[in-house]
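This report concerns only the one structure given below.
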Amino acid sequence: MDNLYLIIVVILAMLAVSDLVVGVANDAVNFLNSAIGSRVASRWVILSVASLGIFIGTFFGTGMMEIARTGVIHPNMFHFHDIMILFLAVMVADIIVLDMYNALGLPTSTTVSLIFELLGAAVVVSLFVIYKDPNATSLSLSDYINSAKALGIISAILSSVIISLVCGSVIMYLSRLLFTFHYGKYFRYVGAIWCGLAFMATVHFAIFKGLKSTSLVSKETLVYLQANTVYILLIVFACSSALYAIMQHLFKINILKVTILIGTASLALAFAGNDLVNFIGVPMAGYHSYEIATAAHATGVDISTLTMEGLREPVKADWRILVAAGVVMVLALWFSKKARKVTATEVNLSSQNSGVEQFGSMQLSRSIVRGSISFSKAIDRMTPKAVLNFIDSRFKPLAPSEDEKASFDFIRASVNLTIATLLISLATSLKLPLSTTYVTFMVAMGTSLADRAWGRESAVYRITGVITVIASWFLTAVITFTTAGLIALALMFATKGGNQTLAITVVIGFGALAILRLLTSKEFSSKTKEVEEDIEELTGEKAVYDYGNKGIKKSITQTNDIYTRTLDALFTENRRDLKQIRDEAEKIYRKAKNKRKYEVLPNLERMGGDNPNLTFYYIQVVDYNYEVSKSLLHITRDSFEYIDNNHEGFSQDQIKDLRFILDTVNDIYTEFLMMLDTKDYSHFDELMKKREILNDVYFTSTEHQVRRAKANASGTRNTILFLNIINETRTLILQSRNLMKSQRKLAMTNET
């Protein structure tokens, strides 16, 4: 038998390991976000619990392996060579597409990727066989593709999105009505029953249902468990409720924390059981195909005509492969940088607290919010006022200081985990693959919606985020289908051409490219991460004073430096320097904008209202600093675009006018920086008067430029840029003057 197939098996094994690492890095957010968002325990405890769930879950996913073999294709219609090319194309495409999504920071689903990669590769391979092979078993594409099962899988995924949202919303609404945000006093009486129900549900779906697809128990035991499920669940509920009551009342243990940690382990177990097929299902199918072909070849069968009926047999997963897969997934969870820096998308969109919004606004989300507000008002008019008051009292949130760091409370975290586990485990027991990403995401969105986390301040942005995620699902389907199909087409042409050297080179090349892209991929720097880097947490008056001194000194120094370098580069028409300076100005502007938008309110809440002068001048400092950065950005951006478009440079007369302005600006900034260093503001009023001198200079320079324009000594674009620089400089100095005055007042407040 050709070495080509052995090489394919080896590459499939390597890609399986890579896919496990990438898959866990992408999907870790699914089972970690509830525990991390509620801050139920330290990170190492959460990871330890999740690791245990992942490792156990690998033994519950063997039934799902059939999806890669018979869920999308009819393997008996494919020859050995064709199906090996199909599987290789799927794995190469999977690595490339997942890596691309990671690099762009877009949400995706490993389940959706697998299904549409199988479809794309299978359609292309089938059409190639039908077109090229006169001995093709069938000329109908429907005979090769298991269209009924594929449509059922796609329908299940689509249905799970809607079901997850509805279930999350309803259960969370009822839970909040029962417990309120001040759940302590109510939870004292019914908390044990609540946690007992959650544990019973987890046991039923994550254990009993999962046992159907594992060899850990005998058939006799499984039959007994199924026959006595109701009685066993009642015993589990009674025992767990009693145990929770003892833990809560005698040992003063927060049983919600225990429930959340158990839920995290269960969701990790469900993730491993459902998603393991996405990572190793195709490589295992390829390995089993190779075993079938090797055995047939040993008996003298021509493998070029060998079809893959053997893949229709039930999967006999090697426990050693499952253990190895579990170990790789656990190691990836602990040591992968992308897994350690779990995306904040789900926590951000479901957070009870206002803050940095990862997504912007669009017309559709604005229309949905307006429609929802109108519908809500209509319902309110039909509902008795007493009922509305009662409901509002149950949804009254905690004060910010009571739960400042957690994105949501333990009640919501327990609902997230329990509902997501039930849905994923139910689908696994029915051998229906679904997207764990979208189930957990939509459950979280449903609970946050019911919990009134989407207030008027954040609703439009969070709905945009949900729409973006769902739209990304459809984008995933198109990209994976197309990518796998193109790779399969290239491989079929190479291997069917009779040149085995070319075929082996192409196969190795695709495998090496996929692994190389995985190893060299860079982490995407998201908007949320940028904002977190830009803003500062000021926790006391001293921190505010330090910000007013050190922060403003740095800002003035940067402004003076960039303004000077911009004009110097503009005078010499240095495009490269102007591009670099523009990028620096954009970064400064972005930071000032984020500070103004996301930093001020949280810091004011931390400072309180004991010193109104301090808060007033702090707000002014941040606001004026933003205005300075905006004017600076306009100057640098306009200057770069002018030179980048190769327009004629400034004349010596224009440079002379701008040089005089530049020198005056430098004098103002230099004197103020000296005041900051010496803390001597005795000459501050004299410094402020220098702006009046600049007003005369602005007028004179503008008059000179108008004369030059009338005399055709400078073009239209040249004149516009010159006047823009003068006007923006005027604004720059005005806002800098206001900034200096506010900083001085802040310093004087500190002295008093």
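Key figures
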read-out: Label-point gap, in nm, between R575 and M748 - each point 7 angstrom along Cα→Cβ; value: 5.1
read-out: Additional length obtainable on full extension of the chain from A242 to D696, 0.36 nm per residue less Cα span; value: 155.0 nm
read-out: Table column - 3J(HN,Hα) (Hz), segment 692-704, Karplus curve with 6.51, -1.76, 1.60, x for Gly and Pro; value: 5, 5, 5, 4, 5, 5, 4, 4, 5, 5, 5, 4, 4
read-out: Placed amide H near F78: partners under 5 Å, 5+ positions off or other chain; value: M308
read-out: DSSP-assigned coil residues among trypsin sites (Lys or Arg not before Pro) in segment 220-313, each with at most 14 further Cβ atoms within 10 Å; value: K252
read-out: Pairwise FRET efficiency - L475 versus V706, Cβ, R0 = 51 Å, nearest 0.05; value: 0.45
read-out: Long pairs among K377/K593; K593/K690; K553/K710; K656/K745; K579/K689, criterion Cα-Cα beyond 31 Å; value: K377/K593; K553/K710; K656/K745; K579/K689
read-out: Residues in segment 161-180 that a label on I193 would reach, taking backbone N under 16 Å of a point 7 Å out along Cα→Cβ; value: 174-180
read-out: Probe 1.4 Å - accessible area at R582, Å² to nearest ten; value: 50
read-out: Segment 661-752 shape via C-alpha gyration tensor axes, a/c threshold 1.5; value: prolate
read-out: Gain upon complete extension [R366, D667; 0.36 nm per residue less C-alpha separation]; value: 103.5 nm
read-out: Pairwise FRET efficiency - A227 versus I303, Cβ, R0 = 51 Å, nearest 0.05; value: 0.65
read-out: Label point distance in nm, I720-H182, each placed 7 Å from Cα along Cα→Cβ; value: 6.2
read-out: Spacing of the two label points (7 Å from each Cα toward its C-beta) at Q652 and L234, in nm; value: 10.4
read-out: Ordering of 641-651, 158-168 by burial proxy (mean other Cβ atoms within 10 Å per residue, highest first); value: 158-168, 641-651
read-out: Order by protection proxy (mean Cβ within 10 Å, highest first), peptides 118-125, 169-176; value: 118-125, 169-176
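The values are calculated or read from the model by the stated rules, or taken from the named source; none is laboratory data. Just so it is clear, the model here is predicted, and its values are computed rather than measured. We place every Cβ from the backbone using ideal geometry, glycine too, and count neighbours over all the protein chains shown. With ligands, DNA and RNA removed, areas are computed over all heavy atoms of the protein, side chains included. Shrake-Rupley method; radii C 1.70, N 1.55, O 1.52, S 1.80 Å.
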